[in-house]
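The values are calculated or read from the model by the stated rules, or taken from the named source; none is laboratory data. Nothing here was measured: the structure is a model prediction, and the numbers come from that model. Here Cβ is always computed from backbone atoms with ideal geometry, including for glycine, and neighbour counts include all displayed protein chains. All accessible areas refer to the heavy atoms of the entire protein, side chains included, with ligands and DNA or RNA removed. Shrake-Rupley method; radii C 1.70, N 1.55, O 1.52, S 1.80 Å.
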Amino acid sequence: AQSVTQLGSHVSVSEGALVLLRCNYSSSVPPYLFWYVQYPNQGLQLLLKYTSAATLVKGINGFEAEFKKSETSFHLTKPSAHMSDAAEYFCAVSEGGGFKTIFGAGTRLFVKA
Amino acid sequence: DAGVIQSPRHEVTEMGQEVTLRCKPISGHNSLFWYRQTMMRGLELLIYFNNNVPIDDSGMPEDRFSAKMPNASFSTLKIQPSEPRDSAVYFCASSWDHLTTNEKLFFGSGTQLSVL
């Protein structure tokens with residue numbers, strides 16, 4: 001069965017600093033991997049999606065993630081944090097047979113001025 | 001496109017009462033999901049419909065919870081009787097043909113449920 005582990009429930013960075021949010025997955029078959037973002041009092045929105053076409057995936061708002069099969073990781077990065085990036089970020093995995101999407105516990109990103 | 005529409009936005013009720021949460025998926029989407037979000041358990045998938053048929057309800061916590069999708073444009077999640085531990089944010093999400101294509105999910109704004 002697939003699962004997702006997000007390392008760190010809270011991450012704090014300074015504005016302009018690198019953002020790195022960690023995600024490791026477990027899947028019995030090549031997975032589909034996602035990063036979603038949730039702003040306060042809103043539903044989740046897709047940031048980016050990995051579907052095996054390329055290991056480096058570029059998403060919205062300057063975020064990207066790299067799929068590393070050997071490390072079973074799909075970490076999210078952004079070179080320079082902006083105050084508007086403060087939100088909760090969820091890594092998710094799904095696989096065949098109905099593509100049930102399972103979410104990680106989430107990482108709340110704080111951006112300091 | 002109006003997006004996924006959930007109602008009510010907030011619901012406060014007393015223990016033992018019946019609660020009904022409603023969802024209108026995006027027009028043309030034929031996969032619908034109900035998730036529950038709490039601080040302790042994060043986002044949990046409760047049930048997943050495809051073409052109005054429940055595909056996986058293994059996440060429904062107990063018999064007090066039930067979900068229906070009578071047509072392609074409407075779904076309900078009912079809790080009867082409600083308990084304080086049901087307090088959470090309930091999200092509905094929809095997608096195009098998730099059974100075969102694994103498209104992204106579009107989420108509603110959620111229903112904040114408080115059971116006193």
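Summarising the strand pairing of chain B, around 90 percent of its internal DSSP beta bridges are antiparallel.
Which whole number of Å³ per residue matches the convex hull of the alpha-carbon atoms in chain B?
Enclosed volume per residue, from the Cα hull, is 93 Å³.
A simple spin-label model places pseudo-atoms 7 Å from Cα toward Cβ; at B:E83 and A:S12 they are separated by 3.7 nm. Rolled with a 1.4 Å probe across the full set of protein chains, the surface gives B:D56 an accessible area near 40 Å². Accessible surface buried at the B:A interface totals approximately 1600 Å², computed with a 1.4 Å probe on protein heavy atoms. Here the average projected area of the convex hull drawn through the C-alpha atoms of the protein assembly as shown stands at 12.5 nm².
Quick one: grab the alpha carbon gyration tensor of region A:32-102, order the square roots of its eigenvalues as a ≥ b ≥ c, and give me rounded if a/c is under 1.5, else prolate or oblate depending on whether a/b is larger than b/c. Cα axes put region A:32-102 in the oblate bin.
From the square roots a ≥ b ≥ c of the eigenvalues of the alpha-carbon gyration tensor of region B:1-48, which class results: rounded (a/c under 1.5), prolate (a/b over b/c), or oblate? Judged from the Cα gyration tensor, region B:1-48 comes out oblate (a/c at least 1.5, b/c at or above a/b).
Computed over protein heavy atoms with a 1.4 Å probe, the carbon and sulfur contribution to the accessible area of chain B reaches 51%.
Of interest is the spacing of the C-alpha centroids, which for region B:1-62 and region A:35-97 amounts to 23 Å. Can you give the net charge of the other residues whose Cβ lies under 10 Å from the Cβ of A:G8, counting K and R as +1 and D and E as -1? With Lys, Arg at +1 and Asp, Glu at -1, the net is +2.
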